[in-house]
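The values are calculated or read from the model by the stated rules, or taken from the named source; none is laboratory data. Since this is a predicted model, take the numbers as computed values, not measurements. In this analysis, Cβ positions are derived from the backbone assuming ideal geometry, glycine residues included, and neighbour counts consider all displayed protein chains. Each accessible area value is taken on the protein alone, full model and side chains, heavy atoms only, with ligands, DNA and RNA left out. Shrake-Rupley method; radii C 1.70, N 1.55, O 1.52, S 1.80 Å.
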Amino acid sequence: MTLDDILLKVDKPARYVGGELNSHFKENAEVNFVFSYPDTYEMGMSHLGGKIIYHLLNSREDTFCQRAYAPWVDMEELMRKHNIPLFTLENKMPVKNADIWGFTLQYELSYTNILNMLSLAGVTIKSAERKEDEPLIVAGGPCANHAEMLADFVDCFLLGDGEESLMELIDVYKAWKASGKSRSELLEMLSQNEGFYVPSLYEHKVVDGKLTITPLKNAPKQVKRRVVVDFENTFCPTKLIVPTVEVVHDRIMLEIFRGCTRGCRFCQAGFLYRPIRERSVEKLKQIARESADSTGYDEISLTSLSSGDYSNLNQLISTLNCEFNEERMDISLPSLRIDSFNPDFVSTQMRKSSLTFAPEAGSQRMRNIINKNVSEEDLLKTVRGAYSAGYRAIKLYFMIGLPFETMEDIKGIADLARKCTEIYQEVFGNKKNMRITVSTSVFIPKPFTPFQWINQDSEESVKEKQRYLSDLIRQMRGVEYKYHDSTASKLEVACARGGREMCAVLYSAWKNGAKLDAWHEHFDIEAWQKAFAEHGLSMEEYASRVIDVDETLPWDTVDVGVTKEYYKRELAKAQREETTRDCRQGCTGCGMMNVCKKEVKS
Amino acid sequence: MRVLLRFEKGNEVKYISHLDMQRLFQRALRRAKLPCAYSQGFNPHLLISFAAALPVGVCSDAEFVEFQLTKFIHPLEVMKRLNEVMPKGVKILNAIEPEESFPNVGSVIALAEYAFTTKNGDDYSKALKDILAQEEITIEKKAKKGFALVNVRPMIHRLTQNGEVIKATLSCSNSENLRADKMAEILSCNGISVASIKRTSILICIDGFIKEPLGVNK
């Protein structure tokens, strides 16, 4: 069986062969790096961070960065059957021959894929048992800040922005290679760099349910998250890989800023990417031009956590519209906030059939608790604007199971939908073709947010709320209610907030067959439940646990820059239903003032 | 102005599906900054058409694509500019501006010639003779609803061996089409295992005359 014979038998074989436009090919590089997004090619190639890392590392002559993604089940089966180890897309190198193998951690439900990929590659799964000549396993991305569940498997986590730390990783690796030192000495060397968290150099001990963490061998007490201060001039790839198979986000993702100033209390990204750092209109125009010329894409998406907040949005959009005037370029704004929506922007995205808004909560009280500083008036004004611009379909996105939530707050969601139907009637004169979709997801308390100590709503309570809302909405014609199954969200809480005891659970779950957990058709809750039971643990307990604010948390080794005091203060304000202002209107004292100031000066 | 291209789909891109190939061309045309014509209407789309979809995994020297430009650019200049921006494995072999009366290649396509490279290079002349001697060769083909059994023997027009390569001329029209991967299955049923497949030419039929749409610039 040759690789060709196998590829003819699997779905979308082009996912496994590489060779895309602007991909790299090198021979005899000093450092062979493999970058993996631990999910399928279509997911991985939609990820902006992966593209930055790939092109950043390949901008070095001494380094060859190749890619490997999780194969789909049909391909995995044939690879295992014919003993084909996981290989890179670029030159079909077995991944186990890499010097460094890096994963990005974007969501917890990808963790079983990491174990599965290590196994497919023939790399020892547990760090402690890995041999001297096996690849160094590193991981970054937002979840790396609280991935104790991966502490047994990942040699080193890289915290925060990777543009500078990845370059240092290569430098340290080369110095180590030249020195002839041992693998454990490499880990000690790495731990001395800011943002490098080597989990094996921290001892976690739980006595009477209380955790103590002891750093070993000169490892710092806390590891600081890296922040790229000069975001304007930091590396930004413009000769981007263009996938040949259609992927989820297949367009130019123009990162207009990093960070967010809003401070929504449920939003981990809002805290993990602080402070806000914008690129200038001039710079963005140049990046967009070069990217369009090198890729041939016909769509630019203005990417950030809240693109409507860009301080020069009107100027940016008119500059880009002018630059691409003759080229049929679609310029879209993916993450519109209700209060920054401007009907003028609608004309630039005429091709979309519906607009999505995220009030997140139905009542003003609840929106104050989560610090989503949007009023009902704002929302209804925006909906009126969208209808006046000709949109007949809108989607409203909410969370249920939020902290301190009551049935009255759930009713607020239905009330909002009803008010939208009334506005529709006013604008169009009738309710023909009206389509309002209300969708809810279940709130997940995340580390590094003020709600990190709060319990998740119980499954019964969530189901009751879903039923109640469904009954209210069923009475409204033209309004549809969609909600997600809450089982996976329970697991997400356990994965996000669990300590090192979860390593064994992850290993067992994978052994029980769990993989591709983010894919509905593959999610196997039983494999997980069995794994929890095998270690005397329960998913429910993790989800329902209220953590004492003075307890040591498994992720306390990580210093993301925002202080614990700030999270406590924000939690107390949430309980009092008080809001905190957008920090552009004045510093709110989150702890990142030093970095903020540096950015302002530059 | 109309531009008709013949291009090569090489080993590097043989797993790209027909639909993804279309997307690849649309992006290449943008990179080459060619002034392409779009359809009118609310949702304008690029005026481009590809002849005879190729099964995934098959290489080709005979792919044809036609599009329109809003102003005159010499076809060989179009070819040059496209070749500068193509990924490895896609190469434009020739370009012409067809006469106005010249039909769309896809609508007049009649036959396709393929080269099946065998795995071991044995002499298969007897097996080939046996295949041609059969009156009926029935295979399952996708139909509107489920599958239908079709006799494809009349769609095999020529079958010869030259060294390790088996050459086949097969029907490739809108009404009668025998795909190369199906032909490989037929060969395999007759004890011939195929290592790789390449389409070598496409023949069109105009006013009863069979000919090549455009040759290759050597």
- request: Please give the residues of segment B:1-15, grouped as numeric ranges, whose backbone N is less than 13 Å from a label point set 7 Å along the Cα-to-Cβ vector of B:E100.
  value: B:1-2
query: Between chains A and B, what is the buried accessible area summed over both chains (1.4 Å probe, protein heavy atoms, nearest 100 Å²)?
result: 1900 Å²
Length-normalised contact order for segment B:42-189 - Cα pairs under 8 Å, 6+ apart - percent: 22 percent
Candidates B:F102, B:F25, B:F42: whichever shows maximal mean-square fluctuation once chain B is modelled as a Gaussian network with Cα springs under 10 Å: B:F42
statement: When the charge dipole of chain B is computed with +1 on Lys and Arg Cβ and -1 on Asp and Glu Cβ about the Cα centre, the Cα farthest towards its positive end, among B:I166, B:H18, B:V105, belongs to B:H18
field: Surface share of carbon and sulfur [accessible, 1.4 angstrom probe, percent] for segment A:3-220
entry: 50 percent
Student exercise, the protein assembly as shown dipole from Lys, Arg, Asp, Glu Cβ charges, in Debye to nearest 20: 1240 debye
task: Pairs to check: A:K96/A:K177; A:K126/A:K221; A:K395/A:K515. Give those whose C-alpha atoms are more than 27 Å from each other in this structure.
output: A:K395/A:K515
message: Looking only at segment A:3-220, where both bridge partners belong to it, what percent of the DSSP beta bridges are antiparallel (to the nearest 5)?
response: 35 percent
- prompt: Once fully extended, how much extra length lies between A:N312 and A:M407, figured as 0.36 nm per residue of separation less the alpha-carbon to alpha-carbon distance?
  reply: 30.2 nm
- line: Projected convex hull area of the protein assembly as shown, Cα atoms, direction-averaged, in nm², equals 38.9 nm²
Derived scalar couplings ³J(HN,Hα) [segment B:16-30; Karplus, 6.51 cos²θ - 1.76 cosθ + 1.60; whole Hz; x for Gly, Pro]: 7, 6, 4, 5, 5, 5, 5, 5, 4, 5, 4, 6, 5, 4, 5
Mean Cα-pair separation over length for segment B:2-106, i.e. relative contact order, pairs under 8 Å, 6 or more apart, %: 46 percent
message: Can you classify segment B:107-211 as rounded, prolate or oblate using the Cα gyration tensor, where a ≥ b ≥ c are the square roots of its eigenvalues, rounded means a/c under 1.5, and otherwise it's prolate if a/b beats b/c and oblate if not?
response: oblate
query: Quick one, what does Rg over Rh come out to for chain B if you take C-alpha atoms and the Kirkwood Rh?
result: 1.00
task: Grab the DSSP H runs of the protein assembly as shown that are 4 residues or longer, score each as -39,500 (n - 2.57), total them, divide by all residues and round the 222 nm result to the nearest 500 deg cm²/dmol.
output: -9500 deg cm²/dmol
task: Report the charge-dipole magnitude of segment B:107-211 in Debye, nearest 20, computed about the Cα centre from +1 at each Lys and Arg Cβ and -1 at each Asp and Glu Cβ.
output: 320 debye
Accessible area expressed per residue, the protein assembly as shown, with surrounding protein chains retained (probe 1.4 Å, Å²): 43 Å²
³J(HN,Hα), Karplus 6.51/-1.76/1.60, whole Hz, each residue of segment A:25-31, x for Gly, Pro: 9, 9, 10, 6, 6, 5, 10
message: Tell me the angle of helix A:487-497 to the major Cα principal axis of chain A, expressed in degrees between 0 and 90 and rounded to the nearest ten.
response: 60 degrees
statement: Descending packing, highest mean Cβ count within 10 Å first, for A:216-224, A:188-196, A:423-431 is A:188-196, A:216-224, A:423-431
query: How much length, in nm to one decimal, is gained on full extension between A:E521 and A:K174, taken as 0.36 nm per residue of separation minus their Cα-Cα distance?
result: 120.6 nm
query: Each label point is 7 Å from the Cα along the Cα-to-Cβ direction; what then is the distance between the points at A:R418 and A:N233, in nm?
result: 5.8 nm
query: When only C-alpha pairs under 8 Å and at least 6 residues apart count, what is the relative contact order of chain A, in percent?
result: 14 percent
message: I'd like the orientation of helix B:75-85 relative to chain B: the angle between its Cα long axis and the longest Cα principal axis, in ° from 0 to 90, rounded to 10.
response: 80 degrees
query: Using the Karplus equation 6.51 cos²θ - 1.76 cosθ + 1.60 (θ = phi - 60°), what ³J(HN,Hα) coupling, rounded to whole Hz, does each residue of segment A:251-257 give in order, writing x for Gly and Pro?
result: 6, 7, 9, 8, 7, 7, 7
For segment A:1-126, Kirkwood radius (reciprocal of mean inverse C-alpha pair distance, Å): 14.8 Å
statement: Mean-square fluctuation maximum in Gaussian network of chain B, Cα pairs under 10 Å, restricted to B:L170, B:L82, B:L47, hits B:L47
- request: Let me know the mean shielding of B:14-24 by other chains, meaning the per-residue number of their Cβ atoms within 10 Å of its Cβ.
  value: 5
- line: Projected area averaged over all directions for the convex hull of the alpha carbon atoms of segment B:2-106, nm², comes out at 6.5 nm²
field: FRET efficiency, B:I206 to A:E77 (Cβ-Cβ, R0 51 Å, nearest 0.05)
entry: 0.60
field: B:H18-B:T160 FRET efficiency (beta carbon distance; Förster radius 35 Å; 0.05 resolution)
entry: 0.80
- request: Give the long-range amide H neighbours of A:T40: residues separated by 5 or more places, or on another chain, with amide H under 5 Å away, using H modelled in the peptide plane at 1.01 Å from N.
  value: A:A70
- request: At 7 Å along the Cα-to-beta-carbon direction for both B:K119 and A:A572, put a label point, then send me their distance in nm to one decimal.
  value: 7.5 nm
field: Cα shape, segment A:60-142, gyration tensor, a/c 1.5 rule
entry: rounded
message: Just to be sure I understand the interface: list residues from segment A:294-319 that lose 50 Å² or more of accessible area between the chain on its own and the complete protein assembly, 1.4 Å probe.
response: A:G296
field: Exposure rule at most 11 other beta-carbon atoms within 10 Å, DSSP loop GluC sites (Glu not before Pro): chain B longest free segment
entry: B:1-98
- prompt: What part of the accessible area of segment B:58-172, given as a whole %, is carbon or sulfur when the probe is 1.4 angstrom?
  reply: 50 percent
- request: Sort segment A:102-178 into rounded, prolate or oblate with this rule: let a ≥ b ≥ c be the square roots of the eigenvalues of the Cα gyration tensor; rounded if a/c is under 1.5, and if a/c is not under 1.5, prolate when a/b is larger than b/c, oblate otherwise.
  value: oblate
task: Report, in degrees rounded to the nearest 10, the 0 to 90 angle that the Cα long axis of helix A:281-295 makes with the longest principal axis of chain A.
output: 60 degrees
statement: Taking only Cα atoms of segment A:3-220, the Rg to Rh ratio with Kirkwood Rh works out at 0.97
- prompt: Per residue of A:6-18, how many C-beta atoms from partner chains lie within 10 Å of its own C-beta, taken as a mean?
  reply: 3
message: Leaving ligands and nucleic acids out of the surface, order A:W519, A:W72 by accessible area at 1.4 Å, largest first.
response: A:W519, A:W72
